[in-house]
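Here is the structure we will look at.
Throughout, read-outs are computed from the coordinates displayed, never taken from laboratory work. Remember, predicted model here, so these are calculated numbers, not experimental data. As a convention, Cβ positions derive from the backbone with ideal geometry for all residues, glycine included, and neighbour counts pool all protein chains shown.
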Amino acid sequence: MARLRLHDLQLARGGQTLLEHLDGSFRDGAITALIGANGAGKSTLIAAIMGMLHPVAGRVECTVPRERCAWLPQQLALDLSFPMSVEELIMTGTWPSHGALKGYCGPHYRRGREIMARLGISHLAHRQLGELSGGQRQRALLGRTLMQEAELLLLDEPFANVDSETVEVLTEVLRDMARAGTTILVVLHDLEQLAHLADDVLMLSGGHGRWVSPEALLDHSTGQAPKAPRLPIDFPEASHAGTA
Ligand SMILES: Nc1ncnc2c1ncn2[C@@H]1O[C@H](COP(=O)(O)OP(=O)(O)OP(=O)(O)O)[C@@H](O)[C@H]1O
């Protein structure tokens, strides 16, 4: 049985119902893209999955222990002006399971160095977060979730404001994490990125969710994302999609 499931979920913001009758399972070890127009409720659903928003009705069933759930918010929502280096940020990934006050041991530091090498940011280990580019910051933030050994990873527009090389690195790392069994849910606005990343798609529209296959959103003749694929402009109606 999947580790993350939605049961007839109803969510509201400011007293108004935003999403209702959301059902379905997020496959373990798969990457699910969460898509929808601005204001469709993607961040709201993520907040509910993280337990930060109480449902009006229904429930989120999540069997992943709290310390193995990781969340990467939108970069703009993060205040990274506090004094902390890249290495220090990555090491905080041990806090949920190890505690914040116990300090780190040799294996922690070794793993931190491996993660920075994997993400191509070893040379930035002692750089302050406030001095990083958007792409470098996003690599460091993903490094923290690797350190946490996340079993459930939620990402809100991880590719916004990052360079194309970083998109490639992050895509590879996310695919590796999924192969290793992590359940990944990622908010995306770009069909081209969806084509490279998603195994499943949950589309939010009109207050409801529909599970669709990535192929249903791609150009059938080429298997590629259609030209100018920014959502919601090209937001397609998925004719054979089932209501979630
Ligand atoms: N704390 C809040 N109080 C009241 N309304 C809110 C709150 N947070 C979000 N909303 C409203 O809920 C709706 C859904 O917002 P949400 O951020 O979930 O959408 P989204 O799909 O993530 O949008 P975007 O693509 O722009 O990030 C919006 O109309 C938003 O204004």
TODO: Search the structure for amide H atoms under 5 Å from the amide H of L72, placed 1.01 Å from N in the peptide plane, and list their residues when 5 or more places away or on another chain.
DONE: L154, L155, D156
TODO: Can you put R3, R110 in order of Cβ neighbours within 10 angstrom, beginning with the fewest?
DONE: R110, R3
- [ ] State the Cα centre-to-centre distance between segment 113-129 and segment 1-24 in whole Å.
- [x] 38
- [ ] Over the Cα atoms of the chain, compute the convex hull volume and normalise it per residue, giving Å³.
- [x] 135
Task: 222 nm mean residue ellipticity, helices alone, for the chain (DSSP H n ≥ 4; -39,500 (n - 2.57); rounded to 500) - done: -8500 deg cm²/dmol
Task: Fewest-first ranking of I90, I184, I46, using other Cβ atoms within 10 Å as the exposure measure - done: I46, I184, I90
Open item on the list: Check which residues have an amide H placed less than 5 Å from V56's amide H, if you skip close sequence neighbours.
Closed with: Q10, L11, A12
Open item on the list: For a Förster distance of 22 Å, can you work out the FRET efficiency between the beta-carbons of S81 and A180, rounded to the nearest 0.05?
Closed with: 0.10
TODO: Quote the charge dipole size of the chain about the Cα centre in Debye, to the nearest 20; the model charges only the Cβ of Lys and Arg (+1) and of Asp and Glu (-1).
DONE: 680
Task: Rounded FRET efficiency, nearest 0.05, which uses the C-beta distance separating H54 from M1 and R0 of 25 Å - done: 0.55
- [ ] Can you pull the one-decimal nm distance between simple spin-label points at Y104 and Q16, each 7 Å off the Cα toward Cβ?
- [x] 4.5
Open item on the list: Suppose every Lys and Arg Cβ carries +1 and every Asp and Glu Cβ carries -1, with no other charges. What dipole size does segment 32-143 come out with about its Cα centre, to the nearest 20 debye?
Closed with: 240
Task: Packing-based exposure ordering (other Cβ within 10 Å, fewest first) of E61, E215 - done: E215, E61
Task: Distant-in-sequence amide H partners of V201 (H built 1.01 Å from N, under 5 Å) - done: A33, V212
